[in-house]
Number of protein chains: 2
Amino acid sequence: MNFTALRPPRAGSVDFVNGRTRLYGIVGHPIEQVRSPETVTFELQRRDLNAILLPIHIKPEEFSKVFPRILQIGNLDGIVVTVPYKGQALSHIHRAGPMAQLSGGVSVIGRSLDDRWVGEMFDGVGCIAALLRRGVVLTGRRVLLLGAGGAGSAIAAELARCAPGDLFIHDPETQRAADVIGKLSKAFPNSRMHAGLPSLEEIDVLVNASPVGMLDANASPLDVARLPSQLAVMDAIMDPDQTKLLRIAEESGCQTIYGREMLDSQIAAACDFMLDIRPRMAEDVVFQVQQSFQSLTQV
Amino acid sequence: MNFTALRPPRAGSVDFVNGRTRLYGIVGHPIEQVRSPETVTFELQRRDLNAILLPIHIKPEEFSKVFPRILQIGNLDGIVVTVPYKGQALSHIHRAGPMAQLSGGVSVIGRSLDDRWVGEMFDGVGCIAALLRRGVVLTGRRVLLLGAGGAGSAIAAELARCAPGDLFIHDPETQRAADVIGKLSKAFPNSRMHAGLPSLEEIDVLVNASPVGMLDANASPLDVARLPSQLAVMDAIMDPDQTKLLRIAEESGCQTIYGREMLDSQIAAACDFMLDIRPRMAEDVVFQVQQSFQSLTQV
């Protein structure tokens, strides 16, 4: 009698995760709205990797205890850091890149060959890439950046790297703009940076990195009804797609660059960093983190 | 001039993970060989849930620090526990089910409505389900279980629940068999349980829960060349598929039940437990964990 023919069929299985899958995560609070899980996982799989990026929700009061332990998960290789943890995460890693040190936060961290966690800030990269892809020249031009908070600091550092003729940084909290300029002046000693709001007639490129206009289609960081038509205007805000600032810019005949245009470049940069962190370790783009981190996170 | 037509296409995305995905995990060391990620995720998705089960590798020297912090991830709802953490995990949860208390370990834990972690041991369920599905009667029969370790304890508890006529438990470490019987006798006071190896002629059902034969097709927990043909023989070992014990059993004309037949029932039981833990909380199948856990984990 052949009993073995009665064996049940094997259980079904999916093809995108198994015991050898390498883990990546995005930490934030709240977490439901993030887009990295579906987009970065797509990019990881497009590169033929058995890897997945997951939403990881950590509550603010538990972050300092939970985050360092998550970094000890043996098959976790990288983390995208989002609001409100970009500054805090910096204090839990071993080495930070130059943009992280300038901006005082990290947007991506990765595990290095020697099992250290290395981080960098890419919030500015997507903005600059979107501008350059749309033909906006930054080098030698007069650029105005609105907002000197977390995103603003990161974008300011990337803008400074493009050697604009003049970089104006305006923030209602004037000390924040002065602090960012003070820090960037050391890294870019030949640059001409100014805190404050110049006449818009003198400006070629306007970038909004302030939160004014986010989730509010009737708020604008500039109290104007029209803008000079020579301006290229970018808004780093992604929701709503068209902010009041961009609507005024389009009505004024300006070139407009949308916040969501930053996404592609940021996803590619995050993947490159998390995956290429091992060779990068040999280069001097990653600096050893000193005790100075505590001061950096004050930006 | 319409610049907006130049916007790049949206980044690609996958459809099996996003910011609202609920996380499940399997913790173990090593982790590469586990099958729960692909099979349990299939089962979760078959139930129309936005959920995924991931491999989570924790090193033994870090388990006691990392595991409790992983339980604080806000969107993590359940964990399958595998070797070597079934006993240790029991000491990190708030409540344990009866089989967990009897066996001294958990195979699955889930987050309850009141944000407590509740665990149960299902290693025995798959074994009993496989036997019953193949028509093997346990109630009133004479059953011999080989092995009183972690898996053996769990299977012993489930076998005892089926009210066999006699349950023999044999382990080369004789005290382990005596300890399991001592504990089960309190839970099943009317059962007839015996430590030691009876004559196989007196036995109806033989279950191997010892590791002898695992990854070694030439090792058998019984030093015999033939078995009485009336025996139904189950081997809980999954690799190799056909152990030496099962080969001898088939050559002897016995009914044979394979280790992998346990999988389907265990997957369904794990999902049921992790997903239904909230209603279960109201039932008395889940006991409040007392300080007695420390003694239970000695089994």
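The values are calculated or read from the model by the stated rules, or taken from the named source; none is laboratory data. Since we're looking at a predicted model, the values are computed, not measured. Note that each Cβ is placed from the backbone with ideal geometry, even for glycine, and that neighbours are counted across all protein chains shown. In case anyone asks, the SASA skips ligands and DNA or RNA and just uses the protein heavy atoms, side chains included. Shrake-Rupley method; radii C 1.70, N 1.55, O 1.52, S 1.80 Å.
Taking Cα centre as origin and charging only the Cβ of basic (Lys, Arg, +1) and acidic (Asp, Glu, -1) residues, the dipole magnitude of the protein assembly as shown rounds to 240 debye. Average 1/r across all pairs of distinct alpha carbons in segment B:1-147, invert it, and you get the Kirkwood radius: 17.9 Å. Gyration tensor over the Cα atoms of segment A:75-153: the corresponding equivalent ellipsoid has semi-axes (square roots of 5 times the eigenvalues, largest first) of 27, 14, 10 Å. Both radii are taken from the alpha-carbon atoms of chain A; with Rh as the Kirkwood radius, Rg/Rh is 1.06.
Within chain A, DSSP assigns beta bridges of which about 20% are antiparallel (rounded to the nearest 5). Candidates A:Thr39, A:Gly149, A:Gln255 compared by Cα position along the dipole of chain A: farthest toward the positive end lies A:Thr39, with charges placed on Cβ. Output the residues of segment B:51-68 meeting this criterion: accessible area (heavy atoms, 1.4 Å probe) in the chain alone minus accessible area with all protein chains in place is 20 Å² or greater. At a threshold of 20 Å² (probe 1.4 Å), the residues of segment B:51-68 that become less exposed are B:Ile52, B:Leu54, B:Pro55, B:Ile56, B:His57, B:Lys59, B:Glu62, B:Lys65, B:Val66. Here the gap between B:Asp276 and B:Ala163, fully extended at 0.36 nm per residue and compared with their Cα-Cα distance, gives a gain of 38.0 nm.
Label-point distances for A:Ala217 to the equivalent site in the other copies, using a point 7 angstrom along Cα→C-beta, read 6.9 nm when ranked shortest first. Report summary: the helix-based calculation at 222 nm, which adds -39500 (n - 2.57) for every DSSP H run with n ≥ 4 and divides by the residues of chain A, gives -9500 deg cm²/dmol.
Would you mind computing the Rg to Rh ratio of the protein assembly as shown from its alpha-carbon coordinates, Kirkwood style for Rh? All intermediate terms of the calculation are to be shown ahead of the outcome.
Values: Rg = 30.6 Å, Rh = 27.3 Å.
Rounded to two decimals, Rg over Rh is 1.12.
In this view, the solvent-accessible surface of A:Asp204, computed with a 1.4 Å probe and all protein chains in place, comes to about 50 Å². Among the residues of segment A:96-145, those with an accessible-area drop of 30 Å² or more from chain alone to full protein complex, heavy atoms and 1.4 Å probe, are A:Arg134. Looking only at the protein assembly as shown, where both bridge partners belong to it, what percent of the DSSP beta bridges are antiparallel (to the nearest 5)? Expressed as a percentage, antiparallel bridges in the protein assembly as shown total about 20.
For the residue pairs B:Lys183/B:Lys244; B:Lys59/B:Lys183; B:Lys86/B:Lys186; B:Lys59/B:Lys186, the C-alpha atoms sit more than 26 angstrom apart in B:Lys183/B:Lys244; B:Lys59/B:Lys183; B:Lys59/B:Lys186.
Calculated FRET efficiency, B:Lys186 and B:Arg142, Cβ-Cβ r, R0 30 Å, to nearest 0.05? Calculated value: 0.85. Interface between chains B and A: roughly 5000 Å² of accessible area buried, both sides summed (probe 1.4 Å, protein heavy atoms only).
For segment A:77-131, the share of DSSP beta bridges that are antiparallel, to the nearest 5, is 80%. Chain A comes nearest to the axis taking it onto chain B at the Cβ of one residue; that residue and its distance, in whole Å, are A:Arg69, 2.
Rg and Dmax of segment A:124-262, based on Cα coordinates, read 13.5, 39 Å.
Counting partner chain Cβ atoms within 10 Å of every residue's Cβ in A:28-37, what's the average? Please list the in-between numbers first.
Working: counts 1, 1, 3, 6, 5, 3, 3, 5, 3, 9.
Counting other chains' Cβ atoms within 10 Å and averaging over A:28-37 gives 4.
Taking every protein chain into account, the accessible area of segment B:124-262 amounts to 41 square angstrom per residue (probe 1.4 Å). Taking all protein chains together and rolling a 1.4 Å probe, B:Arg133 ends up with roughly 110 Å² accessible.
Rounded to the nearest 0.05, what FRET efficiency do B:Arg133 and A:Glu173 have when you use their Cβ-Cβ distance and R0 = 45 Å? Don't jump to the answer; show the numbers that get you there.
Values: r = 69 Å, r/R0 = 1.53.
Computed FRET efficiency for B:Arg133 and A:Glu173: 0.05.
Taking 0.36 nm per residue of separation and subtracting the Cα-Cα distance, full extension of the segment from B:His194 to B:Val83 would add 37.2 nm.
Restrict the search to segment A:187-273; then list the GluC sites (Glu not before Pro) that DSSP places in a loop and that have at most 13 other Cβ atoms within 10 Å of their Cβ.
Details: sites: A:Glu201, A:Glu202, A:Glu250, A:Glu251, A:Glu261; in loops: none.
Listed in order of number, the matching sites amount to none.
What a 1.4 Å probe finds exposed on segment A:124-262 is 51% carbon and sulfur by accessible area, rounded to a whole percent.
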